[in-house]
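Quick notes on the structure that follows.
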Amino acid sequence: MVGSLPRDMSASAPSAEYLPSLSNAGAAAASGEQARVLLVDDDANVGVVLGGWLNCKGYAVTHATGPQQADERLAETTFDLVISDIHMPGNERLEWIEQLLQRGCSAAIVLLTGNPEFATACRAANLSVAGYLVKPPNFQVVEELLGRIVEEKR
């Protein structure tokens, strides 16, 4: 279901199936109101690529570089979705996600990882998360998942 690219992308260009469509026909734009997404990832490239794609799809995206900055953003703004990397300082074993859920976060949570591990996948399966995606994500899968989540929330 989720495709993968070679780790060393400098050796070959990615195939067209992995390049995101930048049309603004996403569910967020179709709903008439922008869905707010908090993208939490310590990798700046993910913020640029995934955040930029989400913006083009009609989502209002805020990028946080880790759990502490994400908590600050969550205190300032209400989000419909939180897309969070798993392997970053403060969330290596999903402890930040667990705390977020215990605090009653109303946003749907989608996990994203470039290093899928059995232990974190099992832990994620036992948490109330809306999705688990592997980097680099298949943008069609992301679009369908987020569209469904936004539709259900509204």
Original post:
Based on the Cβ-Cβ distance from Glu117 to Gln69, what FRET efficiency comes out when R0 is 30 Å, to the nearest 0.05?
Top reply: 0.80
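Could you compute the FRET efficiency for Arg154 and Gln102, with r as their C-beta to C-beta distance and R0 at 25 Å, rounded to 0.05?
Numbers: r = 25 Å, r/R0 = 1.00.
The formula returns an efficiency of 0.50 here.
From the square roots a ≥ b ≥ c of the eigenvalues of the alpha-carbon gyration tensor of the stretch 107-149, which class results: rounded (a/c under 1.5), prolate (a/b over b/c), or oblate?
On the way: a/c = 2.96, a/b = 1.28, b/c = 2.32.
Cα axes put the stretch 107-149 in the oblate bin.
Quick note: the coordinates plus some simple rules give every number you see, no bench work behind them. Note that the coordinates shown come from a computational prediction; the quantities given were computed from them, not determined experimentally. Positions of Cβ are generated from backbone atoms using ideal geometry, with glycine treated the same way; all protein chains shown enter the neighbour counts.
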